[in-house]
Amino acid sequence: MADFDCDLLVIGAGSGGVRAARMAAQRGARVVVVEAAQLGGTCVNVGCIPKKLYSYAAHYAEDFRDAAGFGWNAGQPQFDWAKLRANRAREIARLNGVYAQLLAGAGAKLVNGWARLTGAHGVQVTTAQGDEHVTARHILVATGGRPSVPEFPGREHVVTSDGMFDIDPFPKRLMVVGGGYIACEFASIFNGLAARVTQLYRGEQVLRGFDDDVRAHVAQEMRKHGVELHTGADVARIDKGAAGLAVSLVDGRRVEVDAVLYATGRVPNVAGLGLGGAGVSQGVNDAIVVDRHGTTNVPSIHAVGDVTARLQLTPVALAEAMALVDHLFGDGQRRMSYEYVPTAVFTTPSIGTVGYSEARARQLFDKVRIYRSEFKALKHTLSGNSERTLMKLVVEDETDRVVGLHMVGADAGEIVQGFAVAMKAGATKAVFDATIGIHPTAAEEFVTMREPVPQP
């Protein structure tokens, strides 16, 4: 170990990189972390945290309207975009500082600069002071992902999700291009903040990969809430004019907006890392190929998080980092499992899901039973809001195990997290049925659905 400058050099101080650095340092390893941008990566700076804060903000307008049915007269609320941006920026700066303190407290060295692999154990680090060559027993690449925008005329006029949190001025007319969770979340957020939102997706239905009932229900509810969602639609070109941006669609229509957000996917952030020169194998979109431990074909080079393009979720990156450090510097007992990973989508209404979609379950199991419930939440019996909640269970018939659980409705992520524990433990439908519900809640519906949906 003493033959190298450090035991672990981490490239990228996002969620996965910082977790790996801290855990390794706490186990006595000499750790260096190289990061050129703000600490915390996508999640802290331009992802999960600011997105959830803006989602909270977007719901207040609806809350004010809903309050009238409960006897409250809130008057005419006023929204201050600049104040929201400033408050968010202050909170993110605080979190950046927390990450720095966590690294320092664990004994990891943080270097502000750019890193490039020079071989299996070498990294060239470029800082404001110049270049330095550092050798490491192990190298971890945790550089995350970046937005991907296709080539088309007028591409230079669009913004990506990274730029939406500080966009100025506030876009009163916003076009969102894309049908994934990022596109749907931003469409819901800016719609809630009173922008006129037009969302385009070239496919037949948004949220590819999610359960089909969830996809249809969310699309229906987003439209009811005011998002002008158009499927089977795409952009041909964008021209900038005096009145804003003129967006020409492939079907000949023309739409004028103030801003166009392209949320058409994210790809691994690997440009300039020198992976090819170091002999590291890469796959689709240059994603780093790793084994079950997170190790590449070069035994001393590893990768976790979005840069591997497996499951692009912050908690997954954290879990991968902990498993890798345990493998490299611990007893190797920690394992990473990608089965029954819960996730949430902060649309309006929100989505919570864990396990298999109905379509996927039918591919994997001989026979499944489906339980489905759609209803108006108790809150909306007085609010006058027409929003409806969807809940769905997918059960493997032979074992009675619940293999898919899906919800669209208020606080879906908070509700599904607890059920994910039960599913990870192998809970059956009989266990669900024997569980007493908390009344009156929406969550109790998951333990009171008794009759399966008739099968064709």
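The values are calculated or read from the model by the stated rules, or taken from the named source; none is laboratory data. Computed from a predicted model, the values in this text were never measured in an experiment. Quick reminder, even Gly has a Cβ in these numbers, built from the backbone with ideal geometry, and neighbours come from all protein chains shown.
Among (1) surrounded by 22 or more Cβ atoms within 10 Å (Cβ to Cβ); (2) in contact with a strand residue (DSSP E or B) (Cβ under 8 Å, 6 or more places away or on another chain); (3) not in a loop (DSSP other than H, G, I, E, B), there is one condition ALA323 misses while meeting the rest; what is its number?
(2)
Could you tell me how many of the residues in segment 13-45 are among the charged types (D, E, K, R), closer than 12 Å to LEU110 by Cβ and out of contact with any helix residue (DSSP H, G or I) (no Cβ under 6 Å at 6 or more places or on another chain)? Give the derivation first.
Of all residues in segment 13-45, those among the charged types (D, E, K, R) come to 19, 22, 27, 30, 35.
Among the residues that remain, those that are also closer than 12 Å to LEU110 by Cβ are: 22, 35.
Filter again for out of contact with any helix residue (DSSP H, G or I) (no Cβ under 6 Å at 6 or more places or on another chain), leaving 35.
Counting residues in segment 13-45 that are among the charged types (D, E, K, R), closer than 12 Å to LEU110 by Cβ and out of contact with any helix residue (DSSP H, G or I) (no Cβ under 6 Å at 6 or more places or on another chain) gives 1.
Looking at THR399, THR353, THR348, which one is closer than 28 Å to PRO440 by Cα, in the same structural domain as LYS424 (by TED's automatic domain parsing) and not in a strand (DSSP E or B)?
Being closer than 28 Å to PRO440 by Cα, in the same structural domain as LYS424 (by TED's automatic domain parsing) and not in a strand (DSSP E or B) holds for just one of THR399, THR353, THR348, which is THR348.
Would it be correct to say that ALA142 is surrounded by 17 or more Cβ atoms within 10 Å (Cβ to Cβ), touching a residue at least 24 places away in the same chain (Cβ under 8 Å), farther than 18 Å from PHE346 by Cβ and within 23 Å of the chain's Cα centre (by Cα)?
Working: surrounded by 17 or more Cβ atoms within 10 Å (Cβ to Cβ): yes; touching a residue at least 24 places away in the same chain (Cβ under 8 Å): yes; farther than 18 Å from PHE346 by Cβ: yes; within 23 Å of the chain's Cα centre (by Cα): yes.
Answer is yes for this residue.
Among the residues of segment 59-81, is any within 22 Å of the chain's Cα centre (by Cα), in the same structural domain as GLN312 (by TED's automatic domain parsing) and closer than 21 Å to VAL345 by Cβ?
So far as segment 59-81 goes, yes, one or more of its residues are within 22 Å of the chain's Cα centre (by Cα), in the same structural domain as GLN312 (by TED's automatic domain parsing) and closer than 21 Å to VAL345 by Cβ.
Taking ASP3, is it under 21 Å from HIS121 (Cβ atoms), acidic (Asp, Glu), out of contact with any Cys (no Cβ under 7 Å at 6 or more places or on another chain) and not in a loop (DSSP other than H, G, I, E, B)?
Here the answer is no, as ASP3 does not meet what is asked.
If we keep just the residues of segment 196-247 that are aliphatic (A, V, I, L, M) and farther than 23 Å from ASP258 by Cβ, which is surrounded by the fewest Cβ atoms within 10 Å (Cβ to Cβ)?
The extreme case among them is ALA216.
Given the structure, is THR314 polar (S, T, N, Q), surrounded by 18 or more Cβ atoms within 10 Å (Cβ to Cβ) and in contact with a strand residue (DSSP E or B) (Cβ under 8 Å, 6 or more places away or on another chain)? Can you show your working first?
Working: polar (S, T, N, Q): yes; surrounded by 18 or more Cβ atoms within 10 Å (Cβ to Cβ): yes; in contact with a strand residue (DSSP E or B) (Cβ under 8 Å, 6 or more places away or on another chain): no.
For THR314, the condition - polar (S, T, N, Q), surrounded by 18 or more Cβ atoms within 10 Å (Cβ to Cβ) and in contact with a strand residue (DSSP E or B) (Cβ under 8 Å, 6 or more places away or on another chain) - is not met.
Determine the pairs where a residue that is touching a residue at least 12 places away in the same chain (Cβ under 8 Å), located within segment 21-41, has a partner that is surrounded by 19 or more Cβ atoms within 10 Å (Cβ to Cβ) and among the hydroxyl-bearing types (Ser, Thr, Tyr) with Cβ atoms under 7 Å apart, the partner being 6 or more residues away or on another chain.
Pairs found: LEU39/TYR99; GLY40/TYR99; GLY41/SER15.
Kindly list the number of the only condition in (1) surrounded by 17 or more Cβ atoms within 10 Å (Cβ to Cβ); (2) more than 26 Å from VAL206 (Cα to Cα) that fails for ALA410.
Of (1) surrounded by 17 or more Cβ atoms within 10 Å (Cβ to Cβ); (2) more than 26 Å from VAL206 (Cα to Cα), only one is false for ALA410: (2).
So which residues in segment 268-312 are among the hydroxyl-bearing types (Ser, Thr, Tyr) and within 20 Å of the chain's Cα centre (by Cα), if there are any at all?
Across segment 268-312, the qualifying residue is only THR308.
I'd like to verify a number: residues in segment 125-136 that are touching a residue at least 60 places away in the same chain (Cβ under 8 Å) and under 32 Å from the mean Cα position of the chain (by Cα), how many?
Total meeting the criteria: 2.
Given the criteria acidic (Asp, Glu), buried (at least 18 other Cβ atoms within 10 Å of the Cβ) and over 25 Å from the mean Cα position of the chain (by Cα), does GLU451 qualify?
no
Residues in segment 131-176 that are touching a helix residue (DSSP H, G or I) at 6+ places or on another chain (Cβ under 7 Å) and β-branched (Val, Ile, Thr): how many?
So the answer is 4.
Consider only pairs whose beta carbons are under 6 Å apart and that are at least six residues apart or on different chains; among these, list those whose first residue lies in segment 391-412 and is within 17 Å of ARG360 (Cβ to Cβ) and whose second residue is of a type in the set (S, T, N, Q).
Within 6 Å, the pairs are ARG401/THR428; HIS406/THR353.
I'd like to check something: does segment 381-394 contain any residue that is surrounded by 13 or more Cβ atoms within 10 Å (Cβ to Cβ), part of a loop (DSSP other than H, G, I, E, B) and among the hydrophobic types (A, V, I, L, M, F, W, C)?
Checking segment 381-394: not a single residue is surrounded by 13 or more Cβ atoms within 10 Å (Cβ to Cβ), part of a loop (DSSP other than H, G, I, E, B) and among the hydrophobic types (A, V, I, L, M, F, W, C).
Please work out which one of (1) surrounded by 15 or more Cβ atoms within 10 Å (Cβ to Cβ); (2) within 30 Å of ALA25 (Cβ to Cβ); (3) in contact (Cβ under 8 Å) with a residue 24 or more places away in the chain; (4) not aliphatic (A, V, I, L, M) is the condition GLU91 fails and give its number.
If we test GLU91 against (1) surrounded by 15 or more Cβ atoms within 10 Å (Cβ to Cβ); (2) within 30 Å of ALA25 (Cβ to Cβ); (3) in contact (Cβ under 8 Å) with a residue 24 or more places away in the chain; (4) not aliphatic (A, V, I, L, M), just (1) comes out false.
Are any residues in segment 364-378 over 17 Å from ASP213 (Cβ atoms) and crowded, with 17+ Cβ neighbours inside 10 Å, and if so, which ones?
Result: PHE365, ALA377.
Test of understanding: among ALA317, ALA278, which residue is of a type in the set (Gly, Ala, Ser) and touching a helix residue (DSSP H, G or I) at 6+ places or on another chain (Cβ under 8 Å)?
Among ALA317, ALA278, only ALA317 is of a type in the set (Gly, Ala, Ser) and touching a helix residue (DSSP H, G or I) at 6+ places or on another chain (Cβ under 8 Å).
Condition first: in a strand (DSSP E or B) and within 13 Å of LEU102 (Cβ to Cβ). Now tell me which residues in segment 15-34 satisfy that.
Of everything in segment 15-34, those that are in a strand (DSSP E or B) and within 13 Å of LEU102 (Cβ to Cβ) turn out to be VAL31, VAL33.
Please work out if ALA115 is out of contact with any helix residue (DSSP H, G or I) (no Cβ under 7 Å at 6 or more places or on another chain) and under 15 Å from LEU8 (Cβ atoms). Give the steps one after another, and end with the answer.
Values: out of contact with any helix residue (DSSP H, G or I) (no Cβ under 7 Å at 6 or more places or on another chain): yes; under 15 Å from LEU8 (Cβ atoms): yes.
Criteria met by ALA115.
Go through segment 360-380 and give me each residue that's aliphatic (A, V, I, L, M) and outside any loop (DSSP other than H, G, I, E, B).
ALA361, LEU364, VAL368, ILE370
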